[in-house]
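Down below is the structure, laid out as structure tokens.
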Amino acid sequence: EEKNINELLELIVKRLRPIADQHEVELILETFKPVTAQVDETKLSLAISNLIENAVKYNKEDGWVRISLNSDHKYFYVKVEDSGLGIPEEDQEHIFERFYRVDKSHSREIGGTGLGLAITRSAILMHRGAVKVYSKEGEGTTFTVRIPLSYTP
Ligand code: ATP
Ligand code: MG
């Protein structure tokens with residue numbers, strides 16, 4: 001079904017704002033143009049929410065999370081950037097595996113089951129999309145999501 005992706009992101013951000021406030025992390029949503037696409041709203045919302053939740057909880061005090069939306073004639077793109085702890089190079093290829101968590105004391109103190117990103121990846125793959133991670137330990141992390149504007153399951 002054709003969905004308004006700008007609205008979908010606004011709803012997610014509105015829902016996660018209280019959690020970000022608790023962590024004293026600033027949430028910024030940047031949308032460059034209106035985007036509509038054929039998506040499973042529930043699955044896509046969960047996929048993006050998991051990315052933003054991570055960006056908030058693996059952040060620093062007074063950190064920020066920037067979510068942006070863009071598109072071209074074929075795809076839309078959601079980027080979730082954070083000013084957080086970052087992910088060590090050797091862990092980056094594993095974080096989408098079920099139950100995988102980075103074994104760092106500062107990250108271990110933060111609760112979680114290690115399922116969020118596995119759910120995110122399967123929802124994005126279901127949309128014939130792709131998700132990538134770019135990160136530097138101690139500096140921050142960026143997840144990029146690319147999803148076709150129209151798909152048939
Ligand atoms: P869950 O999401 O199931 O509550 P989780 O957050 O530990 O638990 P994932 O969301 O799958 O699980 O993330 C896997 C691991 O990747 C995390 O434990 C964390 O170590 C690392 N990670 C994920 N996102 C980030 C991020 N934005 N910054 C730093 N580390 C991250
Ligand atoms: Mg998570």
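Laboratory data are not the source of any read-out in this text; all were calculated from the coordinates shown. Source: prediction; values computed, not measured. Because the Cβ atoms are built from the backbone with ideal geometry, glycine has one as well, and the counts that use them run over all protein chains shown.
Table for the structure above
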item	result
Residues that are under 19 Å from GLN22 (Cβ atoms), of a type outside the set (S, T, N, Q) and either buried (at least 16 other Cβ atoms within 10 Å of the Cβ) or touching a Lys or Arg at 6+ places or on another chain (Cβ under 6 Å) (or both), drawn from segment 58-83	TYR58, LYS60, GLY63, TRP64, VAL65, ARG66, ILE67, VAL80, ASP82
Selection from segment 63-120 of residues that are of a type in the set (Asp, Glu), closer than 21 Å to VAL25 by Cβ and either within 8 Å of ligand 1 (Cβ to nearest atom) or part of a loop (DSSP other than H, G, I, E, B) (or both)	ASP82, GLU109
Considering residues of segment 128-151 that are in contact with an Asp or Glu (Cβ under 7 Å, 6 or more places away or on another chain) and under 15 Å from VAL78 (Cβ atoms) only, the residue surrounded by the fewest Cβ atoms within 10 Å (Cβ to Cβ)	THR142
Restricting segment 116-127 to residues that are of a type outside the set (Lys, Arg) and buried (at least 17 other Cβ atoms within 10 Å of the Cβ), the residue that is farthest from ILE87 (Cα to Cα)	HIS127
Candidates GLY86, GLY116, filtered to the one that is over 26 Å from GLU10 (Cβ atoms), within 17 Å of the chain's Cα centre (by Cα), within 16 Å of ligand 2 (Cβ to nearest atom) and not β-branched (Val, Ile, Thr)	GLY86
Meets criteria (out of contact with any helix residue (DSSP H, G or I) (no Cβ under 7 Å at 6 or more places or on another chain), away from ligand 2 (no atom under 16 Å from the Cβ) and over 26 Å from ARG128 (Cα atoms)) for ASP72	no
